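So the structure is just underneath, and the comments pick up after that.
The values are calculated or read from the model by the stated rules, or taken from the named source; none is laboratory data. Here the structure is a predicted model, which means the values were calculated and not measured. Positions of Cβ are generated from backbone atoms using ideal geometry, with glycine treated the same way; all protein chains shown enter the neighbour counts. When the accessible area is computed, the model is the full protein with side chains, heavy atoms only, and any ligands, DNA or RNA have been set aside. Shrake-Rupley method; radii C 1.70, N 1.55, O 1.52, S 1.80 Å.
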Amino acid sequence: MARDPDIDVGMEDGAWLVALPDCEDICRRAAIAAAALRQGPDEAAEIALMLTDDAAVRELNRTYRHMDKATNVLSFPGDSDAAPQGHPRMLGDVVLAYGTVAGEALAQGKPLADHVTHLVVHGVLHLLGFDHEDDDEAAEMEGLEVRILAQLGIPDPYEEAAVIRHEAVER
């Protein structure tokens with residue numbers, strides 16, 4: 001089992017602390033839980049989490065994904081070969097946009113802390129190489145998310161969505 005990575009949480013938007021005073025601890029706990037899936041040697045690793053606003057995430061999304069809109073979470077995997085021998089390997093960066101995340105939590109009737117936990121887990125899984133580009137990958141990644149979130153005491157974030165999808169198919 002790989003040791004826990006060092007988690008650096010940066011705060012660019014104070015709205016996070018107003019709405020969720022323990023957001024840094026919530027993010028660290030979620031990142032460590034997801035990073036436990038790492039494979040390979042028991043090496044030191046780091047993850048950087050940035051809690052920012054929609055404007056900053058929109059700019060990142062436009063620059064790196066060519067999508068001119070804010071989104072809830074972006075992941076930027078690190079260069080696994082960049083760490084010098086004996087130094088921690090940078091797994092990557094996960095960036096969350098306050099306005100989008102808070103709006104989604106409200107619209108979905110979820111506690112903000114639960115939604116943030118889910119998005120950090122999701123982002124870290126991307127750093128570990130998981131994706132959801134096709135149905136099989138999406139099913140695998142969602143299954144891992146649900147399992148990790150259950151370990152953290154968070155209900156299945158897809159449960160209600162599955163009911164909504166099922167109802168839409170029946171119509």
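Say whether the condition of being modelled with pLDDT under 95, out of contact with any helix residue (DSSP H, G or I) (no Cβ under 9 Å at 6 or more places or on another chain), open to solvent by less than 40 Å² (accessible area, probe 1.4 Å) and of a type outside the set (D, E) is met by at least one residue in region 71-80. Checked region 71-80: no residue is modelled with pLDDT under 95, out of contact with any helix residue (DSSP H, G or I) (no Cβ under 9 Å at 6 or more places or on another chain), open to solvent by less than 40 Å² (accessible area, probe 1.4 Å) and of a type outside the set (D, E). Residues of region 115-147 that are open to solvent by less than 50 Å² (accessible area, probe 1.4 Å) and more than 19 Å from A35 (Cβ to Cβ): H115, A138. Do we have any residue at all in region 13-25 that's assigned to a strand (DSSP E or B) and either modelled with pLDDT of 95 or more or surrounded by 15 or more Cβ atoms within 10 Å (Cβ to Cβ) (or both)? No, region 13-25 contains no residue that is assigned to a strand (DSSP E or B) and either modelled with pLDDT of 95 or more or surrounded by 15 or more Cβ atoms within 10 Å (Cβ to Cβ) (or both).
Entry remark, region 26-40: residues being in contact (Cβ under 8 Å) with a residue 24 or more places away in the chain, within 12 Å of D4 (Cβ to Cβ) and in a helix (DSSP H, G or I) number 6 in total. I'd like to know if region 94-103 contains one or more residues that are open to solvent by 20 Å² or more (accessible area, probe 1.4 Å) and modelled with pLDDT under 95. Scanning region 94-103, I find no residue that is open to solvent by 20 Å² or more (accessible area, probe 1.4 Å) and modelled with pLDDT under 95, so the answer is no. Starting from residues that are in contact with a strand residue (DSSP E or B) (Cβ under 7 Å, 6 or more places away or on another chain) and surrounded by fewer than 20 Cβ atoms within 10 Å (Cβ to Cβ), keep the ones in region 29-43 and report whichever is farthest from G123 (Cα to Cα). This residue is E43.
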